[in-house]
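J.: Okay, handing you the structure first.
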Amino acid sequence: MSLNVTTKLPALRTVRQIAPRNRSATSVQRRCFSFRSFWSKSASSAEQAEWSPAIDGPHRRSKLQVREQQEKALAEKAAQEYPVPEESEVGQVDGAPAKHISVEIDGNARVFDTAFLRDSCSCLQCKDPHSKQKVFQTSDIPEDLEGSHKLVEDEEKGPSIEVQWKNDVKGYGPDHRTRHSIDWLRRAIHQEVELRGGVRHDERVLWDKQRITRDNKWLDYNDYMSQDEVLYDALTHLHKYGLLFIKNVPESEESVVKLSERIGNLKDTFYGRTWDVRSKAKAENIAYTPQFLGLHMDLLYTSNPPHLQLLHSLRARTPGGESFFSDAFNAVHQLQRYSAFHFRTLCTFPVTYHYHHPTHHYHFTRPIIELFPYPKYSEPTNLAIRRVNWSPPFQAPFEARIGSNNQTSFRSFIAASHAYERLLSAEENLYEYRLNEGECVIFDNRRVLHARKAFDATKGERWLKGAYVDDDVFFSKLRVLQERYEGSWNAEGTVRYAVKGE
């Protein structure tokens, strides 16, 4: 199943079409529900207490209705303070200075706030040519700023507008001009429309055993290290599927470092820049034992767990120790279709993870399923999954909703997690592979779960060298290569097209 769709999702209220099992498609019922995140702020009791049957009608407003009314009031207040400019107040080409100007793009008049155009100025007076950083602050822009513009042909940017300023930022002389290409303005409009509508471009592909067996990708170490086209292919595949294999990796403890640094800086943790997965006595981590290790993700007890995990097999000379991988996103989609209630529970129930030892104490709480907080959506079946958090070996005692005041939510969480685990570990969803010496697996630690069968450490050696890469590092390299080979890049679900002179 591919997620190459545009998705819109509400922050706190969703509508789901649930097709009960053994029921025909024509008898699908629509159920509506709203839920409050453990971390979200909601209307206070005082706000709820303001309800009055004489004023508000016979029914008490829900917290969602209270919040929507508050947002509406704020929008109306903003509209009064900053009203939409009348057509006569919008500056035209070669016209008088104004706070808003009209630019023709693809035959349509598009209006821009001149404060936005001024803030985005990329001239040598406003942006350092080496660091590419702004040398003024947005807060420096005067509220009475106005601009007048004309059309020009920029040698580097192509067709552009040039804006002359009235009441410019303090320290800038009357000769200061700002140029923006028509291509840049077109992209700005496109981005605003998509962001305002909550549209997400998502190319991730959901997989089960059959799909990943068919689509799995193996790359040669030397090609990966020497060819940017191969690296781009690798990162694109990792972003879509979350799983990639490298073969012919040199027998060296530094090989995993080189593989990681091809993407960017390694993530240094209390385990070090790299670490060894091998059996040892009195291990501080269950991974360092020969025991069975169930499906999990690493370091969920930290505030920013690693995005990528790399495991290079240096020794594979013991019976057992096969690795398993499962697509947590695919299981989320299956769970949502199976039970909207279980899905909602895992989106909202707080789970605490920890690593509590004499020299290290990490502690963090997060839900199992995290969604992108977009305000609207169009397709109820397309879930904007941001990440999944599943690591049973590192769970701490629960700290909220533990059954006080006769609450039943903890039992609901147990039922939901049981249903989800059955999907994760279903044979048709598991991909099994035993890493051979000279092979390296790279996987998305915030999506793909990994596990390991027990092995007999008395009959040989099993040694993996591991490393982590953060999400910012991964997506930075991916965007650089996207822009180079595709002429566009994706950031936070919105596609930006490269423009000249940017």
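The values are calculated or read from the model by the stated rules, or taken from the named source; none is laboratory data. The shown structure was predicted, so the numbers you read here are calculated from the model rather than taken from an experiment. Cβ sites come from the backbone with ideal geometry, for glycine too, and all protein chains shown count toward neighbours. Side chains included, ligands, DNA and RNA excluded: accessible areas come from the protein's heavy atoms. Shrake-Rupley method; radii C 1.70, N 1.55, O 1.52, S 1.80 Å.
J.: For the ranges 140-151, 238-249, what's the packing order if you count other beta-carbon atoms within 10 Å of each residue, average per peptide, and put the highest first?
T.: 238-249, 140-151
J.: If the reach is capped at under 14 angstrom between alpha carbons, list the aspartates and glutamates near Lys150, excluding any in the same chain fewer than eight residues apart.
T.: Asp94, Glu104, Glu162
J.: Separate question: Based on Cβ point charges of +1 for Lys and Arg and -1 for Asp and Glu, what charge dipole magnitude is obtained for the range 444-496 about its Cα centre, in debye rounded to the nearest 20?
T.: Dipole magnitude for the range 444-496 comes out near 280 debye.
J.: Then there's this: Carbon and sulfur: what percent of the range 418-502's accessible surface (1.4 Å probe)? Intermediate values should be presented prior to the final figure.
T.: On the way: 1700 of 3730 Å².
That share works out to 46 percent.
J.: Which of Lys453/Lys477; Lys240/Lys477; Lys132/Lys258; Lys247/Lys267; Lys170/Lys500; Lys127/Lys157 have a Cα-Cα distance over 25 Å?
T.: Lys453/Lys477; Lys132/Lys258; Lys170/Lys500
J.: Counting pairs of alpha carbon atoms under 8 Å apart in space and at least six apart in sequence, what relative contact order in percent does the range 362-502 give? Present the calculation step by step, with values, prior to reporting the outcome.
T.: Numbers: 58 pairs, mean separation 16.9, N = 141.
Reported as a whole number, the value is 12 percent.
J.: Within the range 114-160, what whole-number % of the accessible surface is contributed by carbon and sulfur, with the 1.4 Å probe and all protein chains included in the calculation?
T.: Working: 1420 of 2920 Å².
Heavy-atom surface of the range 114-160 belonging to carbon and sulfur, 1.4 Å probe: 49 percent.
J.: Taking the Cα centre of the range 133-205 as origin, work out the dipole magnitude from +1 charges on Lys and Arg Cβ and -1 charges on Asp and Glu Cβ, in debye rounded to 20. Could you put the intermediate results ahead of the total?
T.: Values: 12 positive and 16 negative charges, 37 e Å.
In debye, rounded to 20, the range 133-205 gives about 180.
J.: Cβ neighbours within 10 Å, averaged per peptide: list 464-477, 417-430, 313-326 in order, most packed at the top.
T.: 464-477, 313-326, 417-430
J.: Then there is this: Give me the dipole magnitude in Debye, nearest 20, for the range 152-302 about the Cα centre, with unit charges on the beta carbon: positive for Lys and Arg, negative for Asp and Glu.
T.: The calculation lands at about 720 debye.
J.: Follow-up. Quick one: Cα centre-to-centre distance for the range 427-457 and the range 128-199, in angstrom?
T.: 50
J.: Using the alpha carbon gyration tensor of the range 327-467, what are the three equivalent-ellipsoid semi-axes (square root of 5 times each eigenvalue), largest first, in whole Å?
T.: 30, 22, 15
J.: Rounded to the nearest whole Å², what accessible area per residue is found for the range 298-376 with the 1.4 Å probe?
T.: 34
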